[in-house]
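Accompanying notes for the structure given below.
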Amino acid sequence: MHALRKSMVGIRMDEEIPLAILDTLRVTRDDFEAALSNVEPSAMREVLVEIPEVTWDDVGGLEDIKAELTEAVEWPLKYPEVFERLGTRPPSGILLFGPPGTGKTMLAKAVANESECNFISIKGPELLSKWVGESEKGIRDIFRKARQAAPSIIFFDEIDALLPRRGGSYEGSSHVTESVVSQILTELDGLEELNNVTILGATNRPDMLDDAMMRPGRFDRAVYVPPPPDKDSRKKIFAVYMGRDESVLAGDVNTGALVDATEGYVGADIEALIREAKLNAMREFITAMAKKNETERSDALANVRVTKKHFETAMKNVKATLDQEAIEKNERLAWGIIYHEEERSVLEKAGSTLTRAGFGHQDNAAVQEARKKLRSATFGKMKKNFSAIKEQTNALEQLLES
Ligand code: ADP
């Protein structure tokens, strides 16, 4: 068609085409190149395949996790010869886990963007309902497309729905999921030779996953996306959502104070808070503009500002989605995956001592103090000091005994 279009210039459609022109018709390399830029591989035409627009800069904080994902996804694509020389292989699958709204989906998209991979996003429960009775076929299709579109990333969101612990509470649908699990395993095994299709999974419920999935060659890397972000990370998340248009912030908005006031907020909460404050400003502006003419409006638009008051109102409406109890519960679910047995037993013991200290010692200042300290050592930090936790657990136990 491209060759034809070039030759048709100056030809009149209502007349016979001169033989001389027909004779010169040739499909050239240029025509193929033009065609290549117009026709995408059919796999790419599916809504499923995209290169996301999210970049590392859009994700506030979480620097360790960004580095870990870069190593696991980008390095094997960029430096396959190094892996080969050292006789090692990149992780087959990477599981991101942690509570909702902490940025797992965003991270998956950003790593696809940064490593220039095609991105195929699948929601576990949707796959099951879309391919009722033939979910294995769905899985096969997805992996086929991923191979065609390589280098690519398949992102399974809510993967616990696809790979539930056998004999668990998903039992009702177990015959469906058995076959899905085994299809995914087959596909993962088949991928081992290829370094250019990476599997990412995300879940809020690591405890619901089938153990068989966490073995080498499957999801052999687990990355915990911890809640809630610390002060530095919150600062960065604020910068992501406020930074680009700082001129719309009124002088009385103190970002530092907002960062302090949002302890316990996850990324999604912070985004919602800023959106809500902007919405408050918008409401006020639009109401005020109703009776103004065009020029007055555009003048006013240049001066519209989000003020401290807008943020204060927003703070009343947007609360942290996770309270301390939910955060601790989530962390405990994660221990089984992140820590080895010895470390886990230190944490479990601290957890149960904390629970014990939670009953009937409200008036005992020493117990409360020790409890607070142990709690922050056990749950507050990602990098845990296990010997300190052990010591503090013993100290609290002694207080409880006495
Ligand atoms: P998850 O997959 O962990 O449930 P998402 O990645 O879907 O969470 O995050 C939900 C929304 O919250 C994102 O679309 C983003 O707007 C915001 N968000 C969460 N964490 C961050 C972060 N660290 N930086 C910037 N935005 C974030």
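Numbers at a glance
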| read-out | value |
| --- | --- |
| Tabulated pairs, segment 207-225, first modelled with pLDDT of 80 or more, second charged (D, E, K, R) and in a helix (DSSP H, G or I), C-beta under 6 angstrom, 6+ apart or interchain | Val223/Glu68; Val225/Lys104 |
| Every residue from segment 25-54 that is loosely packed, with under 13 Cβ neighbours inside 10 Å and either at pLDDT below 80 or within 16 Å of the ligand (Cβ to nearest atom) (or both) | Ser37, Asn38, Val39, Glu40, Pro41, Ser42, Arg45, Val47, Glu53 |
| Top-ranked residue in segment 83-132 [being within 15 Å of the ligand (Cβ to nearest atom) and of a type in the set (Phe, Trp, Tyr); ranked as modelled with the lowest pLDDT] | Phe97 |
| Among the residues listed as Arg234, Arg218, the single one being crowded, with 17+ Cβ neighbours inside 10 Å, of a type outside the set (Ser, Thr, Tyr) and within 30 Å of Val181 (Cα to Cα) | Arg218 |
| Glu391 in a helix (DSSP H, G or I), surrounded by fewer than 18 Cβ atoms within 10 Å (Cβ to Cβ) and outside the structural domain of Phe219 (by TED's automatic domain parsing) | yes |
| Segment 70-97 residues that are among the hydroxyl-bearing types (Ser, Thr, Tyr), paired with ones that are exposed (fewer than 14 other Cβ atoms within 10 Å of the Cβ) (beta carbon under 7 Å, 6 or more apart) | Ser92/Glu192 |
| Hits in segment 328-341 (condition: without any contact (Cβ under 8 Å) to a residue 40 or more places away in the chain, assigned to a helix (DSSP H, G or I) and not aromatic (Phe, Trp, Tyr)) | Lys329, Arg332, Glu341 |
| Residue in segment 264-277 that is in contact (Cβ under 8 Å) with a residue 12 or more places away in the chain and away from the ligand (no atom under 16 Å from the Cβ) present | no |
| 3 or more residues in the same structural domain as Val181 (by TED's automatic domain parsing) and among the charged types (D, E, K, R): qualifying helices (runs of 4 or more DSSP H) within segment 55-145 | 63-69, 80-85, 104-114 |
| Pairs where the first residue, in segment 379-402, is more than 19 Å from Ile327 (Cα to Cα) and the second is surrounded by fewer than 16 Cβ atoms within 10 Å (Cβ to Cβ) and not charged (D, E, K, R), C-beta under 6 Å, 6+ apart | Leu399/Ala366 |
| Any hit, segment 2-24, residues being surrounded by 10 or more Cβ atoms within 10 Å (Cβ to Cβ), under 23 Å from Ala146 (Cα atoms) and of a type outside the set (Phe, Trp, Tyr) | no |
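The values are calculated or read from the model by the stated rules, or taken from the named source; none is laboratory data. Since this is a predicted model, take the numbers as computed values, not measurements. Positions of Cβ are backbone-derived with ideal geometry, glycine not excepted, and every protein chain shown enters the neighbour counts.
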